Protein chains: 2
Amino acid sequence: MSEDRLRHAAALIQRIETSEPVLRAFTAYDPVRIRAEALGAPQGPLSGLSVGVKDIIDTADYATGHGSPIYDGWHPRSDASCVTLLRAAGAVCVGKTVTTEFAFFRAGATVNPYDHARTPGGSSSGSATAVAAGMIDIGLASQTAASLTRPASYCGIVGFKPSYGRYASAGIKSLAPSFDTLGTMTRDVATAALADGVLKGPVAAPTPLVAQAPKRIGLCRTPHWAEAGPATQAALEQAAGLFGAQVEVAEIDLSAFADAADLHITIMSYEAVQALAWEYTHRRDMLSPQISALLEAGRGISYATYRTALARAQDLRARMAELTPPGTVLLAPAAPDVAPLLSEGTGSPLFSRLWTLLRLPTITLPGLVSATGLPVGVQLLGPFGEDEALLAHAAWAETVLPARPVPPAVSLG
Amino acid sequence: MSEDRLRHAAALIQRIETSEPVLRAFTAYDPVRIRAEALGAPQGPLSGLSVGVKDIIDTADYATGHGSPIYDGWHPRSDASCVTLLRAAGAVCVGKTVTTEFAFFRAGATVNPYDHARTPGGSSSGSATAVAAGMIDIGLASQTAASLTRPASYCGIVGFKPSYGRYASAGIKSLAPSFDTLGTMTRDVATAALADGVLKGPVAAPTPLVAQAPKRIGLCRTPHWAEAGPATQAALEQAAGLFGAQVEVAEIDLSAFADAADLHITIMSYEAVQALAWEYTHRRDMLSPQISALLEAGRGISYATYRTALARAQDLRARMAELTPPGTVLLAPAAPDVAPLLSEGTGSPLFSRLWTLLRLPTITLPGLVSATGLPVGVQLLGPFGEDEALLAHAAWAETVLPARPVPPAVSLG
């Protein structure tokens, strides 16, 4: 068995070393550790699978930098709960993947595996690219605005953000605790379900996965449809057409949710100033202009305004619950368009703010492409807490959509 | 001004050095640091006030041990947000106060200032004793079950646990994120309101405090009345009598909430195993029997059971909201009885589980004593999010209750 494991580790390291110089998905990975961990890993439901850990998530062995020079070379004493659970289930932790600064907007060095001049999206940039390029099987990712859904869309992979609170947050750097949600990136729904069986509880218990068509699909063009680019509009219509051949698809009017994106910005800005109080107070000169602007905006929000936004968010959650009886799946854009050029940043979170505010489980599915061949995801959402059902519906949807486009092999020439 | 500040710091150090050898409220305090911090503190709303920081809360200068040998000598890179905010508002951080292990049950060395053979209560043991004995003005404390309300009751001080989520949790060791709530211990309501003005937002904004009688008081003997000892039963009736002379007091029937305490245990146990996954997996031999038993129990709970408990908790919150229109205050026992003997542990959390489950703001008020002269608190609770109103009602109640009993001076003889 040891030889098998070493062979497997060698192949894993080979894939990383081939792609990493170009794709730059990792802040740290260490072949010596990978081999040692592969040899010593317990047998479990994730045996044979490799994991990349977004670098806002604590690891005691690999430095944890939060995408900020303030935490250069920082070693927490313990691993985050999610890392502990994945390792205990047999997965091998390959290293830390690039995050934007504190999971906000300042980009790291990672590029999009489909077009190296484009962003992989943020903030879970490294996990998205590493999964898309086959360097890891499971990328730990997180979302406070659109940090999981958008890079999954840009990189043509499956991005699963469960219901808020489903996976343990212990040991993850917080940006806005009302929204911060841990999730996974994988190349297929089955692997997302496998990881879910480990991450949802302290004791691994398989999440059953039988592909099942939903009773109905609610098509959500959202209040921001006019801001969706041609690739996104085409992908949503195409997905609706493919699904509609098998189940009822009916448009859902979300005009009552038109203020959701602004509410999300208010709550996130306020909480970010609280969460990053130490960094703002004592290391302000080491913050980027992007996060400084967020924190300055947050400082201008009164507690009363914040509280009102929280109460309104709670109302909207109750309203959405009425619109989504069990058996319902919502279909919505995952990002405004294909991945922008690197010079344009990591893309707009607009199409996820509503859903993050509502705390619904969401899964982004690949398969569709733009006129120029770049990946464009669509997201499926389910009622709060109905994560198993959403995964089952996603497994069905995966069979209806075209196969995931495979990114070009990295060439160093 | 520097001389005033040094004199003030010297008096503070003197008070600590007199009491600490007997009361053992601190895991760490450093006269050199205290003087330096007093000299350099910015002018702000908390100028002149001293703070003790419960040792599950990160500080970069003082070691942060979480009450566990696993974290002996551990220095985080940054201060928790709450520490940053208090210091930026002019308060001087005096040191770290004793917590039980991971804010659960294994007691530290702290004793009750009214009777050194008795517990101060847990888990916020050191903050409670240090505030009661006049060693600090503000004790940072937290509650996941009864860790703030109960020691406040046992130590005859004001314990304010705001609505869940009101104070930032960044940099605080988590035990069960559905419940973990930061709060304060003080000797009067005015100081709690002063700290609230700093802790509730990233930008200090005074919490107005005008003593105001509530419209009505709901008397909650709770489903556990038969388990309340004579001191607690007498204190509640006495408080109801005093308040009833001025406002309407009517009993509230809580029989619909009879399962709340069990729901609380289910959710807390499940989440504790998630939150302490690394410690359980990699340092099990360094955990106490108390926390090991919690984690083993949590491991026996299925995700489905946990989810059902969460949904039921949500229902109970909605139900309680109907029972508590604005202007209502609830009056309830703060602990089963006076502080138990040290050999009996840190006391039962029974009388707080319901309220922690509901996430309501609560303030424990001192003034009443047992037949043997030991302090017994009562707690006032308000509707979720109505923290300012609760503080105003508490300021009124403080004038109605007898004055806080002053603990005996420490004698080393």
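Among the residues of segment B:318-334, some residue qualifies, meaning at least one is within 12 Å of chain A (Cβ to nearest Cβ) and either under 19 Å from B:Cys220 (Cα atoms) or buried (at least 16 other Cβ atoms within 10 Å of the Cβ) (or both).
The residue that is farthest from the other protein chains (Cβ to nearest Cβ), among those in segment B:247-271 that are more than 15 Å from B:Thr356 (Cα to Cα) and either in contact with a helix residue (DSSP H, G or I) (Cβ under 7 Å, 6 or more places away or on another chain) or small (Gly, Ala, Ser) (or both), is B:Val249.
Every residue, every condition in (1) within 22 Å of the chain's Cα centre (by Cα); (2) assigned by TED's automatic domain parsing to the domain that holds A:His393; (3) among the small types (Gly, Ala, Ser), yes or no:
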site: A:Leu316; (1), (2), (3): no, no, no
site: A:Gly327; (1), (2), (3): no, yes, yes
site: A:Ala339; (1), (2), (3): yes, yes, yes
site: A:Gly345; (1), (2), (3): yes, yes, yes
site: A:Ser352; (1), (2), (3): yes, yes, yes
site: A:Trp355; (1), (2), (3): yes, yes, no
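Taking segment B:199-215 as the range and being surrounded by 15 or more Cβ atoms within 10 Å (Cβ to Cβ) and in contact with a strand residue (DSSP E or B) (Cβ under 8 Å, 6 or more places away or on another chain) as the test, the residues that pass are B:Leu199, B:Pro214. When A:Ala103, A:Ala130, A:Ala141, A:Ala145 are checked against the criterion of being out of contact with any helix residue (DSSP H, G or I) (no Cβ under 7 Å at 6 or more places or on another chain), buried (at least 24 other Cβ atoms within 10 Å of the Cβ), within 23 Å of A:Leu350 (Cβ to Cβ) and small (Gly, Ala, Ser), a single residue qualifies: A:Ala103.
Return yes when A:Arg312 is at negative phi and part of a loop (DSSP other than H, G, I, E, B) and no when it is not. It is false that A:Arg312 is at negative phi and part of a loop (DSSP other than H, G, I, E, B).
For beta carbons closer than 6 Å, sequence separation of 6+ or different chains, a first residue in segment A:24-42 that is in the same structural domain as A:Val53 (by TED's automatic domain parsing) and assigned to a loop (DSSP other than H, G, I, E, B) and a second that is of a type in the set (Gly, Ala, Ser) and surrounded by fewer than 19 Cβ atoms within 10 Å (Cβ to Cβ), the qualifying pairs are A:Arg24/A:Ala109; A:Ala41/A:Gly90; A:Pro42/A:Gly90. If you take the residues of segment B:236-251 that are under 22 Å from B:Asp337 (Cβ atoms) and in contact (Cβ under 8 Å) with a residue 24 or more places away in the chain, which of them is surrounded by the most Cβ atoms within 10 Å (Cβ to Cβ)? The selected residue is B:Ala239.
Within segment A:181-216, the residues that satisfy the criterion of being within 14 Å of chain B (Cβ to nearest Cβ), in a loop (DSSP other than H, G, I, E, B) and either of a type in the set (Lys, Arg) or in contact (Cβ under 8 Å) with a residue 40 or more places away in the chain (or both) are A:Lys200, A:Pro202, A:Ala204, A:Pro206, A:Thr207, A:Pro208. Answer yes or no as to whether B:Arg299 is at the interface with chain A (Cβ under 8 Å from one of its Cβ atoms) and more than 24 Å from the chain's Cα centre (by Cα). When the stated conditions are applied, B:Arg299 passes them. Hey, any hits in segment A:282-289 for a residue that's in a loop (DSSP other than H, G, I, E, B) and either more than 11 Å from chain B (Cβ to nearest Cβ) or among the acidic types (Asp, Glu) (or both)? Checked against the condition, which is being in a loop (DSSP other than H, G, I, E, B) and either more than 11 Å from chain B (Cβ to nearest Cβ) or among the acidic types (Asp, Glu) (or both), segment A:282-289 yields at least one hit. Among residues of segment B:81-101 that are within 13 Å of chain A (Cβ to nearest Cβ), those with a beta-carbon under 6 Å from a residue that is aromatic (Phe, Trp, Tyr) and in a helix (DSSP H, G or I) at least six positions away or on a different chain give the pairs B:Thr84/A:Trp278.
Of the helices (runs of 4 or more DSSP H) lying entirely inside segment A:75-157, those carrying at least 3 residues that are farther than 24 Å from A:Val22 by Cα and in the same structural domain as A:Ala170 (by TED's automatic domain parsing) are A:81-88. Scanning segment B:36-78 for residues that are within 18 Å of the chain's Cα centre (by Cα) and more than 14 Å from chain A (Cβ to nearest Cβ) returns B:Ser50, B:Val51, B:Gly52, B:Lys54, B:Asp55, B:Gly67. Does segment B:363-380 contain at least one residue that is touching a His at 6+ places or on another chain (Cβ under 6 Å) and surrounded by fewer than 24 Cβ atoms within 10 Å (Cβ to Cβ)? Looking for residues that are touching a His at 6+ places or on another chain (Cβ under 6 Å) and surrounded by fewer than 24 Cβ atoms within 10 Å (Cβ to Cβ), one finds none in segment B:363-380, hence no.
Looking at segment B:162-178, can you tell me whether even one residue there is touching a residue at least 60 places away in the same chain (Cβ under 8 Å), farther than 14 Å from B:Phe26 by Cα and within 8 Å of the chain's Cα centre (by Cα)? Scanning segment B:162-178 turns up no residue that is touching a residue at least 60 places away in the same chain (Cβ under 8 Å), farther than 14 Å from B:Phe26 by Cα and within 8 Å of the chain's Cα centre (by Cα).
The values are calculated or read from the model by the stated rules, or taken from the named source; none is laboratory data. Nothing here was measured: the structure is a model prediction, and the numbers come from that model. Glycine gets a Cβ as well: all are built from the backbone with ideal geometry, and neighbour counts include every protein chain shown.
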